[in-house]
Amino acid sequence: MPKPLSSFWFVLTCFFSLTQMPDPSGAQERGTRTGVFDGHGDVGAVLHAGSVDYDASKQTYTITGSGENMWSVADAFQFLWKKMSGDVTLTADVSFAETRGNEHKKAVLILRQSLDPDSAYADVALHAGGLTSLQFRDKQGAVTREVQSNISAPKRLRIAKRGDYVYISLSGGTGEPNVAGGWLRIPLHGSFYVGLGVCSHDKDAAAKAVFSNVSLDAPAPAQLEKAALYSALETIAIDGTGRRVEYLAPGRFEAPNWTRDGRAFLFNRNGRIERLPVSGETPEVIDTGFAIRCNNDHGISPDATQLAISDNSQEDHNSIVYMVPIHGGTPRRITQKSPSYWHGWSPDGTTLAFVGQRNGEFDIYTIPAAGGEETRLTTAKGLDDGPEYSPDGKYIYFNSERTGHMQIWRMKSDGSDQEQIFSDDRNNWFPHISPDGQWMVFLTYETDVTGHPENKDVMLRLMSLGDKKITVLAKLFGGQGTINVPSWSPDNKRLAFVSYLLIPN
C-alpha cells in the first residue's frame, strides 16, 4: 500500500494542479488561425463552448457563440480579440448564418476593457431581427445601456474610438458606412480588447455569424478641433431604456418640441423652424415670414394651433418673441422690448413666460398671449432662465444662479413664494414638467462649467416630483441645444433631445 502524502506534499501537489488549469474564460487560446486577431474564447458563463473558423482564402471569420445575453451587469458570448491601445477603428460586413430562432441574438464589433463578464465596453450590435444599437457599459459593473439606430439590418458596421469617445457608422450596402449616432464617453484605460463577438441570447443554444471584409486600423490621434459636427435627434423612455436616434444630420440643429398629437418634432436649424414626422426621414421648413433668424426658444400652444418663436432678425438682431400659426404664416409680435426669449405657455393658453434682459439683468417675465404689457416676476441678482408652467398652471419652474451656481427653482405663477426644489454641487438647467405633472427632467453640467455651453459631457436627469428622487436618465455629449424647450411626448412616456458628435476627418 503506497505511503500517504504528507500534508506538505498534498498542498504542493494541489498548487501545481491549479496553476496548470486552463484559463476559465478560454480567452487565452492561441495558436489557432485567428487572422488579424490574437486569440479567442468565451467570456462569462456559457453552456456551449464557442468557436472561431477563419478562412484565409476568403478572409472571413465564422464565429459560433452561446450565452444568455450581453446586457445588464454581465455578458456571456464568444469573443475573437486583439489587444490594442489608443484610437481604433474596426469595420466588417456582418451576416447571420441562420436568421431563424431568437431575434435578439447578436453579432457585435466590440471594444472592451477586460475579459471580465462585467467589464466596461462599447459595441455596435446587429440583432437577428435587424435592430442595430450602440450598446455600452461606461464602467465596470454598471448597467448596460444602448442607443438604437434608425437603420435596420445594415450590412456593413463600424465602431470607432477617438480619445475617450466612441461612435458607430452603418451602411445598408457595400459602400463605406455613414455616421449613425452616439458620441459617448467610454474611457478605456491603457490597453484594451478589440474584436468580434457572437451571443445566442439563449443559454441553451448556439448562434453563428459570419464577419467578412474586416478592417482593423489604429489611426493617428484625433484632432477634435478639426472634427465635423453632427446632430442627432434622439428619444428616450423615462425608465432610461429605449434611447433611439430618430434623425441625424451633419451640422447643428437644436431644441426639439414634440407636437401635441405626438406625430412630429419641431426644431431650429440655420435660423428656421423645421418639422420632422416621427420616424420620418426628411424635415420640412415651416414658413415664418420675415423671421429667418429663429433661435432655440420656441414652443407649441396648448391647443396646438400656434407656435411661439424667438427671432433675432429685427432691431439690431436682438431676440423678440413672436407667434405664428402652427403650420406657418406671418409672425405676430408679442414682446415689445428686447432681448426676449420664449420658454413657457400657460395651460389655458392665455399667457406666455419668457426671459428678458432689462438694464443688464436677465429675469423672468410673463405677457398676455394676445400681446400687452410684460410683468416682471423675478428680481434676484444673477441669471434667471428657462421658465415653464406646471400642467395645472399653479407654478412656474425655472433655473437660477442666485445661490452662486445654477439650480432649479419654482414659484407661484404670479411670482410669489420662490423656492429652491433641491440643492447639489452641479449646474442644472431647463426644467421640463411632464404633461401629467409627475416628473421633471432637466439638463445637468458638471461643477466646473459656467453658463450652458455647447459640446460638453452632460446628463439628462429625472426627478419624481412626488418624492423628489433623482435618477440619471442619460449621459451624452451636448449642452446648448440639447433640451432648451419642452420636449415631452404627450403620453408622458418619452422625451426628445439632441445629442452631438464630433467626427474627425
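Values quoted throughout were computed directly from the atomic coordinates according to the rules given, and no laboratory measurement underlies them. These figures come from a predicted structure and were not determined experimentally. Don't worry about glycine lacking a Cβ; one is built from the backbone with ideal geometry, like all the others, and counts go over all protein chains shown.
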Calculated FRET value between Ile470 and Arg376, using beta carbons and R₀ = 30 Å, to 0.05 | 0.50
Scalar couplings 3J(HN,Hα) for the range 434-444 by Karplus 6.51 cos²θ - 1.76 cosθ + 1.60 (θ = phi - 60°), nearest whole Hz, x for Gly and Pro, are 5, x, 8, x, 8, 10, 10, 10, 8, 9, 10
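Just need the relative contact order of the chain here, percent rounded to a whole number, with Cα pairs under 8 Å and 6+ apart. Write down the numbers at each step before the final one.
Details: 1457 pairs, mean separation 57.0, N = 505.
This gives 11 percent for the chain.
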For the Cα atoms of the chain, what angle does the longest principal axis make with the long axis of helix 7-19, in degrees from 0 to 90, nearest 10?
-> 60 degrees
Which whole-Hz ³J(HN,Hα) couplings does the range 462-467 yield from phi under the Karplus relation 6.51 cos²θ - 1.76 cosθ + 1.60, θ = phi - 60°, glycine and proline marked x?
-> 10, 10, 7, 5, x, 10
Options Ala76, Ala180, Gly101, ranked by Cα towards positive dipole end of the range 26-217, top entry (Cβ charges) = Ala180
Can you list the lysines whose alpha carbon is less than 22 Å from that of Lys203, not counting same-chain residues fewer than 8 positions off?
-> Lys105, Lys106
For Lys161, the lysines lying under 19 Å Cα to Cα, once residues fewer than eight places off in the same chain are dropped, come out as Lys82, Lys83, Lys139, Lys226, Lys456, Lys475
What is the dipole size for the range 26-217, taken about its Cα centre, with +1 at each Lys and Arg Cβ and -1 at each Asp and Glu Cβ, in debye to the nearest 20?
-> 300 debye
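So how do 105-116, 358-369 stack up, highest first, on mean other-Cβ count within 10 Å? Don't skip to the answer; put the middle values down first.
Details: 105-116: 23.7, 358-369: 17.2.
So the order, starting with the most tightly packed, is 105-116, 358-369.
From the Cα gyration tensor of the range 26-217, with a ≥ b ≥ c the square roots of its eigenvalues, which class applies: rounded if a/c is under 1.5, or else prolate if a/b is larger than b/c, or else oblate? Display every interim value, and only then the final one.
Values: a/c = 1.14, a/b = 1.06, b/c = 1.07.
The shape class here is rounded.
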A correct Karplus calculation of ³J(HN,Hα) over the range 154-166, with 6.51 cos²θ - 1.76 cosθ + 1.60, θ = phi - 60°, whole Hz and x for Gly and Pro, returns x, 8, 10, 10, 9, 10, 9, 10, 10, x, 8, 10, 10
Among Tyr121, Tyr193, what is the fewest-to-most ranking by other Cβ atoms within 10 Å?
-> Tyr193, Tyr121
If amide H atoms are modeled at 1.01 Å from N in the peptide plane, then the residues at a separation of 5 or more from Ala291, or on another chain, having amide H under 5 Å from its own are none
Using alpha-carbon pairs under 8 Å, 6+ residues apart, how would you state the relative contact order of the range 434-500 in percent?
-> 30 percent
Amide H within-cut-off set for Glu246, under 5 Å, with H built and near neighbours excluded | Leu233, Glu234, Thr235
Taking a straight Cα-to-Cα line shorter than 15 Å from Lys468, and setting aside same-chain aspartates and glutamates fewer than 8 residues away, one finds Glu419, Asp424
Using a Förster distance of 51 Å, the FRET efficiency for Asn505-Asp436 (Cβ separation, nearest 0.05) = 0.65
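Would you please put 309-319, 323-333 in order of how densely packed they are, using the mean number of other Cβ atoms within 10 angstrom per residue and starting with the highest? Before the final figure, lay out each step's value.
Values: 309-319: 18.5, 323-333: 16.2.
By packing density, highest mean first, the sequence is 309-319, 323-333.
By per-residue mean of other Cβ atoms within 10 Å, what is the highest-first order of 377-388, 209-220, 417-428?
Working: 377-388: 20.1, 209-220: 16.2, 417-428: 14.3.
Highest-to-lowest ranking by the protection proxy: 377-388, 209-220, 417-428.
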Which of these values of mean projected area of the Cα convex hull in nm² was calculated from the structure shown: (1) 32.9; (2) 25.2; (3) 30.4?
-> (3)
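About the Cα centre of the range 225-503, what is the dipole size in debye to 20, counting +1 per Lys and Arg Cβ and -1 per Asp and Glu Cβ, all else neutral? Present the calculation step by step, with values, prior to reporting the outcome.
Values: 28 positive and 37 negative charges, 62 e Å.
So the magnitude is around 300 debye.
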Could you list Asp204, Asp138, Asp297 in order of exposure, starting from the residue whose Cβ has the fewest other Cβ atoms within 10 Å?
-> Asp204, Asp138, Asp297
